[in-house]
Amino acid sequence: MSMSRRQALFGVGALGLAAAVRPLRAAGDDFIRLNIPGPHLMPFFPLELIPALGLDHEVGVRLAIRYLPSGVLAAEDMLAGNADFAGTGFPILPNFIARKKDVVAIATLSSGAPPYGIVVRKALAASLRSLKDLRGRTVGVPMGSASTKTYLQLLAEHWVGTYGVKPHELRWAPITQNYEGVHGALASEIVDAVFCEEPATSSLVREGLGVQIASLTDPKNSEKMPGRNHIRAVLAASPKMLEARPEAARKMVQMLRRALKWMQQAPREEIPKRLGLPDLAQRADIVHALGRLPTFYSIDGTFSKADIEDTRVFMKTIGLAMPAGGDIASLIDERWVR
């Protein structure tokens, strides 16, 4: 592994955590702070494209994006007052409610069968051919905090469970959610496999680091997952912030919708180009993934009844329940997407 790769692997997490405690300028209606995991994670492309396309200036604000190692940490840091909004996984929101941390989703980013896969180190591919073979092995996955598991960790545990492998039968190793994290974990051989998302899975295979043994985009795998068309990624905020700054919420959703509309109309090749990815091979991986997932992104950020119902099923299946028997509808504030 090159020095730049190694530095990126160990530096991204530190930089993200440093950003979480760095003093920030006080927010006004002309300045919006957004936390997302990343950079360059597929579910959050619509948010990253907002400043890249100049959509924030079109509505008279400046959007400042900070990257953190996971969606859980992005939301926790937002709830601590260091950001106005966060991009995060929807199914993990009940964990915040259980800890008396009020948070709601105000728009969807993506839904449908998530584009995740298990990639094993190339040297182990002959012996690790299925999810059952992972028993006793070390699997890298983005992990949250001591009190809240990430969406990816919950999904990985549920997925291996459908093949008879209990979560405690694997050794889970924390990695950052961006490509440097999954690349470094495999290249340094600190894990036997990684659970990650497109386009990272394709990039790892293309670079010769690993072999993909399972993918949730394969109907044979996703059909084993009840509620597979659940709401994946959302734009979230605290009710207190929304009450104090409703105009910021309106503009944030307006910018998101413009980004989603642009993504529907632009050639796929333009998306990684506008995101500023210098690596042409990684750009090609993204274009390929986008082509295989034409309905991955929300059209306008709204919450459909079908997606909400699938999310109820999915959350029940993986053992996530609303505190005091509440319903997930209470996690959604639709005022700005109606």
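Rule-based calculations on the coordinates, nothing more; no lab input. These numbers come from a predicted model, not from an experiment. Cβ placement follows ideal geometry from the backbone for every residue including glycine, while neighbour counts extend to all protein chains displayed.
Put a dot 7 Å past each Cα toward the Cβ at Lys100 and Glu243; how far apart are the dots in nm?
1.6 nm
Could you list Tyr163, Tyr151 in order of exposure, starting from the residue whose Cβ has the fewest other Cβ atoms within 10 Å?
Tyr163, Tyr151
How would the stretch 116-222 be classified by its alpha-carbon gyration tensor: rounded, prolate or oblate, with rounded meaning a/c under 1.5 and the a/b versus b/c comparison settling the rest?
rounded
Once Lys and Arg get +1 and Asp and Glu get -1 on their Cβ, which of Gln177, Pro167, Gln212 lies farthest toward the positive end of the dipole of the stretch 116-222?
The Cα lying farthest towards the positive end belongs to Pro167.
Given +1 on the Cβ of Lys and Arg, -1 on the Cβ of Asp and Glu, and no further charges, what dipole in debye does the chain carry about its Cα centre, rounded to the nearest 20?
Using Cβ point charges on Lys, Arg, Asp and Glu, the chain gives about 360 debye.
Non-local amide H neighbours of Ser110 (under 5 Å, H modeled in plane, Pro and chain starts lacking H): which ones?
Residues meeting the amide H criterion: Arg232, Ala233, Ser298.
Between helix 305-317 and the chain, what is the angle of the helix's C-alpha long axis to the longest principal axis, kept within 0 to 90° and rounded to the nearest 10?
Computed tilt is about 50 degrees.
Sort His40, His183 so the one with the fewest other Cβ atoms within 10 Å of its own Cβ comes first.
His40, His183
As I understand it, the dipole of the stretch 227-338 uses +1 on the Cβ of Lys and Arg and -1 on the Cβ of Asp and Glu, about the Cα centre. Which of Thr317, Met263, His230 lies farthest toward its positive end?
My answer, from the dipole projection, is Met263.
If we count other beta carbons within 10 Å of each Cβ, what is the order of Thr88, Thr176, Thr217, fewest first?
Ordered by Cβ neighbours within 10 Å, fewest first: Thr217, Thr176, Thr88.
Quick one: net charge of Ser111's neighbours, Cβ under 9 Å, K/R +1, D/E -1?
Its environment carries a net charge of -1.
Residues with amide H under 5 Å of Thr88's amide H, sequence separation 5 or more or different chain, H placed in the peptide plane at 1.01 Å from N; which?
Long-range HN contacts for Thr88: Val234, Ala236.
Counting Lys and Arg as +1 and Asp and Glu as -1, what is the net charge of the other residues whose Cβ lies under 10 Å from the Cβ of Gly38?
Neighbour charge sum, excluding Gly38 itself: 0.
Using a Förster radius of 41 Å, what is the FRET efficiency between His288 and Ala324 based on their Cβ-Cβ separation? Nearest 0.05, please.
0.35
Can you tell me the 0 to 90 degree angle between the C-alpha axis of helix 151-161 and the longest principal axis of the chain, rounded to 10?
So the helix axis and the longest Cα principal axis differ by about 30 degrees.
Take Lys220 and Asp279, extend 7 Å from each Cα along the Cα→Cβ direction, and tell me the distance between the two endpoints in nm.
2.9 nm
Compute the signed sum of charges (Lys and Arg +1, Asp and Glu -1) over the other residues within less than 12 Å, Cβ to Cβ, of Val139.
Net charge in that neighbourhood comes out at 0.
Give, as ranges by residue number, the residues of the stretch 164-200 whose backbone N falls under 13 Å from the point 7 Å along Cα→Cβ of Arg135.
Counting backbone N atoms under 13 Å from the label point, the list is 164-170.
For Ile190 and Arg62, compute 0.36 nm times the residue count separating them, minus their Cα-Cα distance, and round to one decimal in nm.
42.1 nm
Per-residue HN-Hα couplings for the stretch 95-106, Karplus 6.51 cos²θ - 1.76 cosθ + 1.60 at θ = phi - 60°, whole Hz, x for Gly and Pro?
Result, ordered by residue: 5, 5, 4, 4, 9, 6, 10, 6, 8, 9, 8, 10 Hz.
Quick one: if you take sqrt(5λ) for each eigenvalue of the C-alpha gyration tensor of the chain, what semi-axes come out, biggest first, whole angstrom?
Ellipsoid half-lengths, sorted descending, are 30, 23, 19 Å.
Enumerate the amide H contacts of Ala214 below 5 Å, restricted to partners 5 or more residues apart or on another chain; note that Pro and chain-start residues carry no placed amide H.
Result for Ala214 returns Ile118.
Provide the gained length on full extension for the span His168 to Gln264, in nm with one decimal, where the gain is 0.36 nm per separating residue minus the Cα-Cα distance.
30.4 nm
How tilted is helix 246-265 with respect to the longest principal axis of the chain? Cα atoms for both, answer in degrees (0 to 90, nearest 10).
Roughly 50 degrees, rounded to the nearest 10.
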